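Written below as structure tokens is the structure these notes are about.
Just so it is clear, none of the values below were taken in a lab; they were calculated from the coordinates. Just so it is clear, the structure is predicted and the values come from calculations on it, not from any experiment. Ideal geometry is used to build each Cβ from the backbone, glycine not excepted, and the neighbour counts take in all protein chains shown.
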Amino acid sequence: MDGAQFFKEQYEGLANRYVGLTSDIYLVPPEIIGDGSDLLERYKVEFDEKLYFEDSAIEFESPSEYGAGGAGGYTINFLKSGKGCSAVFINENALTPDAAENIKWLWRYNALHHELMHALDFNRQKNFNTAERTMDLVGAEAFADFKTLQHLSSKLSNGFMKIALKEYASNSITMNERGGIRSKIYERLTKKIDAKTIEHWASISI
Ligand SMILES: [Zn+2]
């Protein structure tokens, strides 16, 4: 089995495992995910009210500093018949246009886990407060990164998963180097997993 096939199967397995949390999971072409279109409308997700959360602790350096193009995915939370729901949108390719299929599927898989952890977080109202329409953005990102690294590190006996962990850990370190809110997220993450452990995963030999 090649990497593309492996991660495609893992992606589908992961989607099935969390079907109780959301069955709205969509692979979105990169030119659409970053173009500002309303993904709930575009993918015909039924909802009564789209939820927006404020984090008063965060002041962005510029509107495009966080959440704009190049993201691995988005989770949009909404109310339907009074119930909180999430729809997950995964970027088909957050890498360069000529990226190989295996690495594209690896990142779709990693991004899906990350986004599902946002849906879980929202469901549990851990870093989200629907009644107040507030959230802890740094807390939510650190939670999703923590759960994803923890998940991948539990599957290290598989060679493909080892690469997925190495990629995810390396990306976390790169994000930290970009500064701003990304550094705050990394700082929060390293309260849950030692920075040395993340550095070790990033340098794992494949
Ligand atoms: Zn996230």
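At-a-glance table
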quantity	calculated
Scan of segment 185-199 for residues that are in contact with a helix residue (DSSP H, G or I) (Cβ under 9 Å, 6 or more places away or on another chain), surrounded by fewer than 18 Cβ atoms within 10 Å (Cβ to Cβ) and part of a helix (DSSP H, G or I), ordered by number	187, 195, 197, 199
Enumeration of residues in segment 120-136 that are within 14 Å of residue 57 (Cα to Cα) and within 16 Å of the ligand (Cβ to nearest atom)	127, 128, 135, 136
Filter result (in contact (Cβ under 8 Å) with a residue 40 or more places away in the chain and of a type in the set (A, V, I, L, M, F, W, C)) within segment 3-20	4, 6, 7, 14, 15
Qualifying residue in segment 129-136 (condition: touching a Lys or Arg at 6+ places or on another chain (Cβ under 6 Å) and not in a helix (DSSP H, G or I))	no
Matching residues in segment 15-33 - criterion: being surrounded by 12 or more Cβ atoms within 10 Å (Cβ to Cβ) and not in a loop (DSSP other than H, G, I, E, B)	15, 25, 26, 27, 28, 30, 32, 33
Residue 36 vs. criteria closer than 20 Å to residue 83 by Cα and assigned to a loop (DSSP other than H, G, I, E, B)	no
In segment 90-107, the residues that are part of a loop (DSSP other than H, G, I, E, B) and within 16 Å of the chain's Cα centre (by Cα)	92, 93, 94, 95
Residue match in segment 134-141 (condition: surrounded by fewer than 18 Cβ atoms within 10 Å (Cβ to Cβ) and touching a strand residue (DSSP E or B) at 6+ places or on another chain (Cβ under 6 Å))	yes
Residue pairs meeting the criteria (Cβ under 8 Å; at least 6 apart or on separate chains; first among the basic types (Lys, Arg), in segment 21-48; second in a helix (DSSP H, G or I))	42/32
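So that you can scan it fast, the table gives a plain yes or no per residue for (1) within 15 Å of the ligand (Cβ to nearest atom); (2) within 30 Å of residue 1 (Cα to Cα):
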| position | (1), (2) |
| --- | --- |
| 104 | no, yes |
| 110 | yes, yes |
| 113 | yes, yes |
| 118 | yes, no |
| 138 | yes, no |
| 167 | no, yes |
